[in-house]
1. Need the failing condition index for A:D177 against (1) touching a residue at least 60 places away in the same chain (Cβ under 8 Å); (2) among the acidic types (D, E); (3) more than 10 Å from chain B (Cβ to nearest Cβ); (4) over 24 Å from A:K87 (Cα atoms), just the number.
2. Can you tell me which residue is nearest to the chain's Cα centre (by Cα) among those in the range B:172-213 that are within 14 Å of chain A (Cβ to nearest Cβ) and within 16 Å of ligand 1 (Cβ to nearest atom)?
3. When you scan the range B:111-211 for strands (runs of 3 or more DSSP E) that lie fully inside it, which ones turn up with 2 or more residues that are surrounded by fewer than 21 Cβ atoms within 10 Å (Cβ to Cβ)?
4. From A:I86, A:I41, A:I59, which residue is at pLDDT 95 or above, under 25 Å from A:S213 (Cα atoms) and either in contact with a strand residue (DSSP E or B) (Cβ under 6 Å, 6 or more places away or on another chain) or not in a helix (DSSP H, G or I) (or both)?
5. State whether one or more residues within the range A:209-218 are crowded, with 18+ Cβ neighbours inside 10 Å and more than 30 Å from A:L92 (Cα to Cα).
6. Go through (1) more than 15 Å from ligand 2 (Cβ to nearest atom); (2) within 14 Å of another protein chain (Cβ to nearest Cβ); (3) over 16 Å from the mean Cα position of the chain (by Cα) for A:Y14 and report which single condition fails.
7. What residue, among those in the range B:245-255 that are assigned to a loop (DSSP other than H, G, I, E, B) and under 12 Å from the mean Cα position of the chain (by Cα), is nearest to ligand 1 (Cβ to nearest atom)?
8. If a residue must be among the aliphatic types (A, V, I, L, M), assigned to a loop (DSSP other than H, G, I, E, B) and either facing another protein chain (nearest Cβ under 8 Å) or within 15 Å of the chain's Cα centre (by Cα) (or both), how many such residues does the range A:99-135 contain?
Amino acid sequence: MKILVPIKRTLDAYIKVRVHIDNSGVDLSNAKMAMNPFCEIALEEAVRLKEKGVASEVIAVSIGGDKVGDQLRTALALGADRSIHIKADDDLESLNIAKLLKSVVEREAPGLVILGKQAIDSDNNQVGQMLAALCGYPQATFASRVEMKDNLVEVTREVDSGEQVLELTLPAIITADLRLNEPRYAKLPDIMKAKKKPVDTLTPDELGVTLRSHLTIESVSEPAPRKPGIRVHSASELVEKLRNEAKVLP
Amino acid sequence: MKALVIAEHDNKTLNPATRSLVTAALQLADTVDVLVMGADCNPVAQSAAKTNGVAKVLLADNPACKHQLAEALTPAVLQVATGYSAILAASSTTGKNLLPRVAALLDVAQLSEVVRIEDKDTFTRPIYAGNALARVRSADPVKVITIRASSFEEAAVDGNAVIEPIAVSAVQQMSRFVSENLNNSARPQLEAAKTVVSGGRGLGSAENFALVENLADRLGAAIGASRAAVDAGYVGNELQVGQTGKIVAPDLYIAVGISGAIQHLAGMKESRIIVAINKDPEAPIFQVADYGLVGDLFEILPELEKLLA
Ligand SMILES: Cc1cc2nc3c(=O)[nH]c(=O)nc-3n(C[C@H](O)[C@H](O)[C@H](O)COP(=O)(O)OP(=O)(O)OC[C@H]3O[C@@H](n4cnc5c(N)ncnc54)[C@H](O)[C@@H]3O)c2cc1C
Ligand SMILES: Nc1ncnc2c1ncn2[C@@H]1O[C@H](COP(=O)(O)O)[C@@H](O)[C@H]1O
């Protein structure tokens, strides 16, 4: 069974976000970029399934400009067997991403597609569900445990009220939540070996997908800052302020 | 213009987030219908019908809809979607699971976590963990959006809408519910609570987390946690506040032993009053706190408990 892992290049999770002063977008020039953290988790799960002998091949795929090659090489160093770079703009809408991925699914026929649950830049949380819809596959979003059982996969999902366990027929779509696993770090020999692993490039045309824009970002602004607070020096001063100044305690 | 609101519920009670969705929907359309999909969920439809501003409640009562699985609900939504110019759900795990699936089959985009409706085509939503706000215009004939309930007032409960049962063919064999492990705490629900006390790694252990629970009980508050506290097993995942947990905006949020990483702030910085208790005077949580108290939580929490007795 093949596992396909879509990977997005995003701003590093620990870098401060700067909005352009003309409100045209977020300033990414010279910013540290990385693999979206949820994609790291998705990839780790796929690699572990291969190490357990459940999967035969792990294929990483990323859609974007030339720079996504960096994250695909990281994916290869972390255990993906080969990778596909679909050349397109960096900020395609989710539906276009899902259409491109569907076309890759048709070519590769993976048993599982494991995606991140959300990209930490757009915070969309959409592509996995859209891909499942377009392929007519079942989906388990927000996965915190994945277990293969013959022709089924059992997934524990983190839902608002606690946890839910589902069983999906294959092929299926899974999106990874934070607690699914702890991704490994790439080791130097693996980084060297990754350089020899194949990276195919494809275009939306070659995949037979016509991209269509539905949304226009009119402006991006910084949220209004909170007004500066004060320091209190004791528990009793805190309670007094909450009662008499903020009036949030009886 | 007509809008369809997808009710959030557990087959027994209507989640109040649904009433916030109705408020949002009324900014987009003059007729708002609510779709209740579930099993043996008539009380939910009754409650939805009382929401002010609702024209009609569509009730799809079908055993296949019991666990709100997206594969079962999507055909039901598509069956009734014709004629609506907007379809809204809460940005809950159920709404986020379902709506992109619906949008893809309608061949339209989906807008996530909308916090403001500018006009019928233009929406504001946070990106980058709330560090930026994007104003987005949609060219789609049908807007499919999840709404951040805490950003919209709940509609009043003095309506009297008609309930129209609908038959849906929701049978599906692709996914099957196996089991669930739900939090049955008697405390207020995290998303709806007026006061939230959250604990972080600073608590040090699941046993010590009782300090947070005791303070919460004194205040009639809900309990929240940082990711580090959940990862360490102090509390369940359903209590995580942040970019990838729950988004809360209570009147009072008390962060105890939480450093204030941007991913945590994303989930609570819209709270009206924020209190931070942390022994590190440099902790970033103090930058958003209205009242900061530097000190050892193991001394401060018992004191607070006494003061509030
Ligand atoms: C993609 C991604 C998504 C994430 N999503 C979330 C999310 O949704 N929610 C979330 O919370 N995090 C999230 N995180 C994690 C986040 O980056 C932080 O790691 C996490 O919030 C830290 O939790 P903490 O503040 O409890 O722990 P720490 O950062 O370790 O802070 C502990 C604090 O406790 C204080 N302390 C220790 N002992 C005491 C004492 N005795 N008295 C008083 N204070 C004390 C310390 O000074 C310190 O400030 C995410 C990270 C990533 C990469
Ligand atoms: N440009 C992209 N290339 C490859 N995968 C992507 C891309 N954008 C999103 N994805 C995948 O979809 C997941 C969810 O993203 P989103 O729905 O945009 O929040 C990500 O974690 C990736 O697995």
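The values are calculated or read from the model by the stated rules, or taken from the named source; none is laboratory data. Everything numeric here is computed off the predicted structure, so don't read it as measured data. FYI the Cβ positions are ideal-geometry reconstructions off the backbone, even for glycines, and counts take in every protein chain you see.
1. Going through the list (1) touching a residue at least 60 places away in the same chain (Cβ under 8 Å); (2) among the acidic types (D, E); (3) more than 10 Å from chain B (Cβ to nearest Cβ); (4) over 24 Å from A:K87 (Cα atoms), A:D177 breaks only (3).
2. Going through the qualifying residues, I end up with B:E191.
3. Values: elements: B:116-119, B:122-127, B:132-138, B:143-147, B:162-165, B:175-182, B:195-199.
The strands (runs of 3 or more DSSP E) meeting that bar are B:116-119, B:122-127, B:132-138, B:162-165, B:175-182.
4. Working: A:I41 fails: under 25 Å from A:S213 (Cα atoms); A:I59 fails: under 25 Å from A:S213 (Cα atoms).
Testing whether each residue is at pLDDT 95 or above, under 25 Å from A:S213 (Cα atoms) and either in contact with a strand residue (DSSP E or B) (Cβ under 6 Å, 6 or more places away or on another chain) or not in a helix (DSSP H, G or I) (or both) leaves just A:I86.
5. No, the range A:209-218 has no match at all.
6. Against the list (1) more than 15 Å from ligand 2 (Cβ to nearest atom); (2) within 14 Å of another protein chain (Cβ to nearest Cβ); (3) over 16 Å from the mean Cα position of the chain (by Cα), A:Y14 comes up short only on (3).
7. So in the range B:245-255, the residues assigned to a loop (DSSP other than H, G, I, E, B) come out as B:245, B:247-251.
Cutting the leftovers down to under 12 Å from the mean Cα position of the chain (by Cα) gives us B:245, B:247-249.
Values: B:G245: 4, B:I247: 9, B:V248: 11, B:A249: 15 Å.
Only one residue tops the list, namely B:G245.
8. Here is the first cut: in the range A:99-135, the residues among the aliphatic types (A, V, I, L, M) are A:100-101, A:104-105, A:109, A:112-115, A:119-120, A:127, A:130-134.
Imposing the further condition that a residue be assigned to a loop (DSSP other than H, G, I, E, B) reduces the set to A:109, A:119-120.
Next cut, either facing another protein chain (nearest Cβ under 8 Å) or within 15 Å of the chain's Cα centre (by Cα) (or both) only: A:119-120.
The total comes to 2.
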